[in-house]
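Report on the structure given below.
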Amino acid sequence: MLLLFALSPIVISLCASVFTGDGQWFQRAGSLMVLLSVMLEFRQIDIIERIKSGAPTIVAGSLGITMHSVPAERRNFHRFVVGMIVTGTLIWGYGDVPFGCKF
C-alpha cells in the first residue's frame, strides 16, 4: 500500500502541472515520493535484517513466513525503492524545468 501512496502523488501532481502549466505541483510531489520511499526502505531493511537473523517475519499481511536467506524479490524490491528515491530526488530538484521554470 505504501508503494502506491509513494507513486500516486507523482501521477496526480503531474496531471495537475500539465493542466495548470505550472511545474511546482510536480516538483513538490517529488519530496513526497522521497519521504514515502525512504519509509519503504527502512521497512525493507528491517524485514531483511529479520530474515538474515532467522527471526519470524511477517511479510504478507498476517501470514507469518520464516526465511533464512534474502529472497530475490526482496533484493529486486530494494533496487526498485532505491530507484524511486533517486527519481523522487531528481523530480524534487528539477521537476519544474520541463514546465518552464518561472523563477
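Some observations on this one:
- Search result, residues across the range 1-32 that are loosely packed, with under 15 Cβ neighbours inside 10 Å, more than 19 Å from THR89 (Cβ to Cβ) and not aliphatic (A, V, I, L, M): CYS15, PHE19, THR20, GLY21
- Residue, farthest from MET33 (Cα to Cα), within the range 72-103, restricted to residues that are surrounded by 17 or more Cβ atoms within 10 Å (Cβ to Cβ) and of a type in the set (Phe, Trp, Tyr): PHE99
- Top-ranked residue in the range 51-102 [being closer than 16 Å to SER17 by Cβ and assigned to a loop (DSSP other than H, G, I, E, B); ranked as modelled with the highest pLDDT]: GLY95
- Close contacts from the range 1-25, counting a first residue that is over 17 Å from VAL97 (Cα atoms) and a second that is of a type in the set (S, T, N, Q) and surrounded by 19 or more Cβ atoms within 10 Å (Cβ to Cβ), with Cβ to Cβ under 7 Å and a gap of 6+ residues or different chains, come to ALA6/SER37.
The values are calculated or read from the model by the stated rules, or taken from the named source; none is laboratory data. The structure presented is a predicted model; accordingly, all values stated were derived computationally and were not measured. For neighbour counting, all protein chains shown are included, and Cβ atoms are generated from backbone atoms with ideal geometry for every residue, glycine included.
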